[in-house]
Structure formats: structure tokens, C-alpha cells
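Reading through the C-alpha cells given below for one structure.
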Amino acid sequence: MDTCILKVDWSDVGQQALEKAAKIIKDGGLVAFPTETVYGLGGDAKNSRSAKRIYRAKGRPSDNPLIVHIATISQLDEVAEDIPEYAEDLAEAFWPGPLTLILNKNRSVPRHTTGGLSTVAVRMPDNEIARELIIKSECLIAAPSANASGRPSPTTAEHVKADLNGRIDAIIDAGPCEVGVESTILDLTTDVPTILRPGMITKEMIEQVLGRVIIDASKSEEESDDKPKAPGMKYKHYAPKASLTIVEGRPARVASYINSQIREGNLLGLTTGIIASEENRKRYGGDFVKTIGSLEDEKEIAHNLYSTLREFDDLKVDRIYSESFDNLENADAIMNRLEKAAGHKVISADKVSISRIIFAGKNGSNRSPMAASILKTMKMDKNYEILSRGILVQFPEPLNPKIEAVLKSNGIEVEDYHAEQLKSEDITPTTIVFTMEESHRDRIIETIDRANEDNTFVLTKYVGNELEIPNPYGGSLQLYGLCFESIKETLNSLVNVLDQEG
Ligand code: AMP
Ligand code: MG
């Protein structure tokens, strides 16, 4: 089947293209059309063959019901019965707009349209072209989102084309959708009105009209055996081609975790896409960082969400990491989609805590084993693996005799120590490396693959001291003693920092 693209201009809704699209619907065909939320794939709501075609074109399971789109509030009566009075209050308050109401269906709506249910989903879109299409077709238009089943919803005609070209009769191209995420779904057939899918019309907004509203818990419990009330919820949704992981936590930690994944990916030959807020954009390295919008503007983030996911498909990245947006004022709609797109893979960067501490010095037989030995005697909240390494170890030198002597006079015995070369494999994702000198740190970051500015630090800087630990090499025993004191004091501060960070 050839899919024809019908360009329709916002300022000229009456043109021929729309007449043509309306006729296709009337004759039982399928037309993708813009709404303010996402593009819908529309067919005659009262023609069961149209509904079947929609399922086939999308590859959508036929028990996942469609939403009936109407052009005037009075058309509610054409599809629903036992309509509670407050449904009209809601319609007055939010229509046209991104709120879908679930009501008991009347006999004129075929079960194919409602996925076999006795209820029907209805909404009046806030898009003049969509409403004009409904009026001109002389039908009510049943439509799910116009994507292939499981894929991110389309917010441009190009997205629709990428998924459904050749599978539907026509696509009305009227530019990008304004809202960008699907409507809020509110079930009015339950005792207390229940939100089945969050959207840009929030619980608080609905409460101002209705009083009490609840959010269906099964929405977030994907694994539960209960039949979800909004049937589409049991299916995989919104997923980009590459696997997506959400990383939540403090911005610096999130960036540090994601950056370590980028580097790890580079070593494995994998490309990594990043979804970043405008505010944190600069924290990320790598070649595929996309800004989704400002943390001050959830509407912008919602608007860009699906197109950003699809951009990564075009870039063919191997995996995607996204910041979490759960601290936004109205995060529900965005996080609901993002979590589904990620198959609920969410990592807390704050919890990725350090398990190995490496002290690294030039040849690994002076200050670094001294620091490691001292830290091992200190009490800390958590157990760490504490190691000492050298940057340039020619042969496994034993401990410098003066270091050994000073440690011994402070009650610390070190047996059988031999310097070891620092290797990339030593640095796991939960390792932190400390050096005594800036030049050592730079050298390690430069020469060791897995070392970077997020896991390798000058010890004194890390705890907030300006002065570095003095180098006693070649000096008197007394100088080594001063070095011991200086390291010990710094490590006391380190213990405080690590205990706090957990
Ligand atoms: P889509 O616009 O592609 O997300 O598809 C419409 C969505 O509306 C479905 O996935 C369902 O979650 C929801 N829906 C439609 N009809 C009903 C209904 N009668 N009861 C509950 N949810 C519905
Ligand atoms: Mg959909």
C-alpha cells in the first residue's frame, strides 16, 4: 500500500488534503493525524474492520483498546452511557485537551474498538486539524498512538512514516505535536475516579474539579499478576532500539557514573547515548549527548522526550543512559514513559559506593604503602579493600626501610611487602585511586585506560586540603616521621568523608 503524505497548514484547515483524509476514514481506511499530545492512527470508531486494521498496522495486541476522539462535548452521548454528571464538569474544565475519560460504552461501539471491554475511552483533542478531520469524516475517530507497537510514540509525521509507511493509507503532516506525551487517562467507572495513566493534566488539577481522585497502583507494578486496568500497561512500551538505563541521584554522582559507563563502553567498542538536562549537559563527555530540556521546564522535557529517544535510533547507539527527572514539579507523566522505555532499569548513582581504595605513588614503595598501611588500622563504617600500587614499577621493590621503621615505631607492622604496578584492571567501577601529587594523578589519568577525573584524585585535594603530603624521599628519619603524621591527619579527614558518603 502506498501511504500518501498530506501536508496541512495550521492556518488553512479547510483545504482539500483534509477532505481527502476525511474520506479515507469514512471509507474504512486509516489516517495518521496530529493531536496536541502525539500523532494518532485514526479509523472509524464504529467500524470494527477499521479497528482491526489499526491493530494490524501497528502490530498491536487486539486487547489493547483504542481511544475514541470526538469534536464536540455533545458527541459523548454517541459512544457512552450512564455518564455521571461530573464527567461533564471535567469536559468543561479540560476539553479540548489531554484528558481521556473512561466511561461505560453504549451498544454502537464495537468491541474491537474497546479491546473487548464494556468501557470506552473518550477524549476531545486540542488540535483544530484533528477536530476538523472528525467533523469532515462524519465519524468519531478511534485512535491509538501512530507508532509501531512497543516503539516511542510519534510526535512528528516523520516518526509516523518511519514506523508505518506502506501500512496505512495516509499521514497528515502538520508539524510537531505540542505536548509530546499521551493524555492522562481517568477511569470514571470506579467508585473513586482513578488515574490509570499520568499525563500533563495532573491529579491536583483533576482534584480541583472532582475532589477525591486516586492513582491506580498497578500502573507502577508492572510485574504484578493483576490484570491492569488500562490494558495497554502490561505491554512493552515506548522503547528505543538501544537499551535504556535511568540513573538517579545527585547530579555529580550521576555524571560520574554515566561518564564511567561511556569510557567502559569505548573500551568495549560500544557507543553510548546520553539524555541530559540543559543544567547538567556540560558534566558529560562522549559524542552522543542530547539535551532534552531544562529542569525548570517539564513541558519542554515532555515535548522532547520521544523525539530524543528516536534520535538515538537514527544514531544507532548501542545503549542509552538518561538522567532521572523525578525531582521535577510534575514528573509523573515523564517518568512513567521513561521508566517504561527503560524496562524499569533504574540505577541509583548515590548507592554505587566505593569498595576499593588504591594509593598510588611513583614506584609504589614509599608514601603509597605507608598510606595504605595506616588506613588499614583505622575504624571505618564500611569495609574497603585497601591497596598500594606504583606508576612505574621496574621490579618488585620491598618497602623503603625508613617507611618501614616509622610505621613500626607507630605500632604498624607490614610483612612481605613488594611494590606492584598499577594496572587498568585494578580500577573497577567502585574503585577510587589516590595519589600524593598532582603530577602522579595526571600521569595515571593519561596512561591508564580506566582512570579518569571521576575516580582518581590527589588525596589532600579530595579531603579539601590545599597542601600536598610532603615527599620525604632521601631525607632524615625525622622527615619520614613528619610525613607519617601528615598522611595520618589527611586519612582521618578521608575517613570522615567516606563515612559521610557511605
Ligand atoms: P495509546 O493512545 O496508543 O496509548 O492507546 C490508548 C490507551 O488508552 C490504551 O493503551 C489503554 O491504556 C487506554 N484505554 C483505552 N480504552 C480503555 C478502556 N476502556 N479502559 C482502560 N484504558 C483504556
Ligand atoms: Mg501508544
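The values are calculated or read from the model by the stated rules, or taken from the named source; none is laboratory data. In this text the structure is predicted, and so the values were computed from the model without any measurement. FYI the Cβ positions are ideal-geometry reconstructions off the backbone, even for glycines, and counts take in every protein chain you see.
Some notes on this structure:
- In region 374-406, of all residues being part of a loop (DSSP other than H, G, I, E, B), in contact with an Asp or Glu (Cβ under 8 Å, 6 or more places away or on another chain) and without any contact (Cβ under 8 Å) to a residue 60 or more places away in the chain, the one that is farthest from residue 448 (Cα to Cα) corresponds to 396.
- Residues being among the small types (Gly, Ala, Ser), more than 27 Å from residue 499 (Cα to Cα) and over 46 Å from the mean Cα position of the chain (by Cα) are entirely absent from region 351-368.
- In region 139-154, the residue that is nearest to ligand 2 (Cβ to nearest atom) out of those that are more than 19 Å from residue 18 (Cβ to Cβ) and touching a Ser or Thr at 6+ places or on another chain (Cβ under 6 Å) is 145.
- Residues of region 155-170 that turn out to be touching a Leu at 6+ places or on another chain (Cβ under 9 Å) and within 16 Å of ligand 2 (Cβ to nearest atom), as a count: 5
- Just one residue in the set 190, 119, 184 is over 19 Å from residue 309 (Cα atoms) and touching a Gly at 6+ places or on another chain (Cβ under 9 Å); that residue is 184.
- When residues in region 483-494 are screened for being exposed (fewer than 15 other Cβ atoms within 10 Å of the Cβ) and either touching a residue at least 60 places away in the same chain (Cβ under 8 Å) or touching a Pro at 6+ places or on another chain (Cβ under 9 Å) (or both), 1 of them pass.
- There is at least one residue in region 46-60 that is at pLDDT below 95 and of a type outside the set (Gly, Ala, Ser).
- Within region 40-60, considering residues that are more than 10 Å from ligand 1 (Cβ to nearest atom) and not in a helix (DSSP H, G or I), the one nearest to residue 9 (Cα to Cα): 42
- The requirement of being at pLDDT below 90 and either crowded, with 16+ Cβ neighbours inside 10 Å or not basic (Lys, Arg) (or both) is fulfilled somewhere in region 459-479, by at least one residue.
- The one condition from (1) surrounded by fewer than 22 Cβ atoms within 10 Å (Cβ to Cβ); (2) within 34 Å of the chain's Cα centre (by Cα); (3) touching a residue at least 12 places away in the same chain (Cβ under 8 Å) that residue 451 does not meet is (1).
- Region 265-284, subset of a type in the set (Gly, Ala, Ser) and touching a strand residue (DSSP E or B) at 6+ places or on another chain (Cβ under 9 Å), residue surrounded by the fewest Cβ atoms within 10 Å (Cβ to Cβ): 265
- With respect to the conditions (1) closer than 14 Å to residue 132 by Cα; (2) within 15 Å of ligand 1 (Cβ to nearest atom); (3) of a type in the set (Asp, Glu), residue 9 falls short on a single one, namely (2).
- Scope region 273-286; condition charged (D, E, K, R) and part of a loop (DSSP other than H, G, I, E, B); matching residues: 278, 279
- Residue pairs meeting the criteria (Cβ under 7 Å; at least 6 apart or on separate chains; first closer than 19 Å to residue 327 by Cβ, in region 280-292; second of a type in the set (S, T, N, Q) and in a helix (DSSP H, G or I)): 284/259; 292/304; 292/308
- Residue, nearest to residue 44 (Cα to Cα), within region 103-117, restricted to residues that are more than 16 Å from ligand 2 (Cβ to nearest atom) and either aromatic (Phe, Trp, Tyr) or touching a strand residue (DSSP E or B) at 6+ places or on another chain (Cβ under 6 Å) (or both): 109
- The single condition among (1) more than 16 Å from ligand 2 (Cβ to nearest atom); (2) modelled with pLDDT of 95 or more; (3) of a type outside the set (A, V, I, L, M) that residue 36 does not meet is (1).
- Members of region 12-70 found to be under 16 Å from residue 172 (Cβ atoms), basic (Lys, Arg) and touching a strand residue (DSSP E or B) at 6+ places or on another chain (Cβ under 9 Å), listed by number: 20, 26
- Any hit, region 306-329, residues being of a type in the set (Ser, Thr, Tyr) and without any contact (Cβ under 8 Å) to a residue 24 or more places away in the chain: no
- Within the option set 366, 383, being within 21 Å of residue 475 (Cα to Cα) and not small (Gly, Ala, Ser) holds for one residue only, 366.
- Annotation note: Cβ proximity below 7 Å between a residue of region 145-156 that is within 14 Å of residue 32 (Cβ to Cβ) and of a type in the set (Lys, Arg) and a residue that is assigned to a loop (DSSP other than H, G, I, E, B) and away from ligand 1 (no atom under 11 Å from the Cβ) (sequence gap 6+ or interchain) occurs for 151/239.
- Single unsatisfied condition, residue 42 versus (1) within 21 Å of residue 179 (Cβ to Cβ); (2) touching a Ser or Thr at 6+ places or on another chain (Cβ under 8 Å): (2)
- Strands (runs of 3 or more DSSP E) lying entirely in region 88-190 (those with 2 or more residues that are more than 15 Å from ligand 1 (Cβ to nearest atom), buried (at least 21 other Cβ atoms within 10 Å of the Cβ) and over 28 Å from the mean Cα position of the chain (by Cα)): 170-173
- Selection of strands (runs of 3 or more DSSP E) fully inside region 287-373 by the criterion of at least 1 residues being modelled with pLDDT of 95 or more and surrounded by 22 or more Cβ atoms within 10 Å (Cβ to Cβ) returns 289-293, 319-323, 356-361.
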